[in-house]
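Encoded as structure tokens, the structure appears first; notes follow it.
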Amino acid sequence: MRINIKEALMIADKYDSSVEILYLTDIQISNNTGSVTIPKDTPFDPSQYEYLERANILNIDVQYNEKLYAKLVSNYPVIYRAPSGRKSLIEFDRYIDSLESANASSRRKRSIISICEFYKKTVGQPHEVILKFGEKLNYKRWNEIKMNMNRNSMISYRFDECGIIVFFILNAADPNYSHNFMKFTELVSLIIDSKRLGIILSPDFDPETDLYTVNASKNLLKSYVETNASLIIVGEDINDEYKEALSQVKFYDRYAKFMLIKNPDPSRKVEILAQIKNCYGNRLWE
């Protein structure tokens, strides 16, 4: 997997040798006096940072391990997302089959993102990456890979479908605009506060970056497509305008998920968030 040298330096300084950062490939550092090679399998050392930076090597390929990735997630939660699931090779193979069937019947084409990395290591040869970290897997790509993997492999993953849209139509000319705007902001604030309130909607969901808002019906389908959101939450009674916008999304994606929250009662915050979590984690295509 590829990480920034600033990230490597921070992890090395903060956790010392308790977190292993091993180069995946040989690194050639050239300067005015010659060149130096850092061989693959060598641990990253903070003393190397300055030389890498001078050589304009700002990103390095390192060997994935779960402990290193956990620290990257902890320190850079937006860049490095926690996996939302983990399956054996056989379970994952069945999951990909289900995904392929869903993609055949919907205009949204879903993928599963690898949150792990596997190698074929041969003495004296560069390490061959079989499954890349961050690789989007569909049926075709998975079947190219799986024959080269150990049958006991456990695969950590997340979905490329991520995020929540709060759909609340607002019209400044509406006499109830101020009241509706307050209801809208209360609903948005509820989701943003989910982590603080102890409700993790999904391990790979970040309420600061994965929450989107739509206040005009004409923009709903466009936003759903562009953001690849997993759930649409409606914040008031569904009238004909809402129905039309939601039906367009459902026509585009038969597995689209909708949820109605008309009254985000402050006294029921945790209960409402638990319901959102349940709906968000439900994959209708499974």
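When residues in the range 96-108 are screened for being surrounded by fewer than 14 Cβ atoms within 10 Å (Cβ to Cβ) and assigned to a loop (DSSP other than H, G, I, E, B), 2 of them pass. Please go through the range 169-191 and give me each residue that is within 14 Å of Glu236 (Cβ to Cβ), touching a helix residue (DSSP H, G or I) at 6+ places or on another chain (Cβ under 9 Å) and β-branched (Val, Ile, Thr), ordered by number. Within the range 169-191, just Ile169 meets the criteria. All of (1) surrounded by fewer than 16 Cβ atoms within 10 Å (Cβ to Cβ); (2) touching a strand residue (DSSP E or B) at 6+ places or on another chain (Cβ under 7 Å) hold for His127 with one exception: (1).
Within the set Lys146, Lys136, the sole residue that is in contact with a strand residue (DSSP E or B) (Cβ under 8 Å, 6 or more places away or on another chain) and in contact (Cβ under 8 Å) with a residue 24 or more places away in the chain turns out to be Lys136.
Only one of the listed residues (Asp61, Asp93, Asp13) is of a type outside the set (Ser, Thr, Tyr) and surrounded by fewer than 13 Cβ atoms within 10 Å (Cβ to Cβ). That residue is Asp13. Among the conditions (1) buried (at least 19 other Cβ atoms within 10 Å of the Cβ); (2) in contact with a Lys or Arg (Cβ under 6 Å, 6 or more places away or on another chain); (3) over 23 Å from Arg110 (Cα atoms), the only one that Leu201 does not satisfy is (3).
Among strands (runs of 3 or more DSSP E) entirely within the range 20-68, having at least 3 residues that are at pLDDT below 90 singles out 27-31, 34-38. Name the residues in the range 143-158 that are modelled with pLDDT under 95 and under 22 Å from Gly281 (Cβ atoms), would you? Listed by number, the list is empty, since nothing qualifies.
The values are calculated or read from the model by the stated rules, or taken from the named source; none is laboratory data. Model, not experiment: these values are computed from the prediction. Ideal geometry is used to build each Cβ from the backbone, glycine not excepted, and the neighbour counts take in all protein chains shown.
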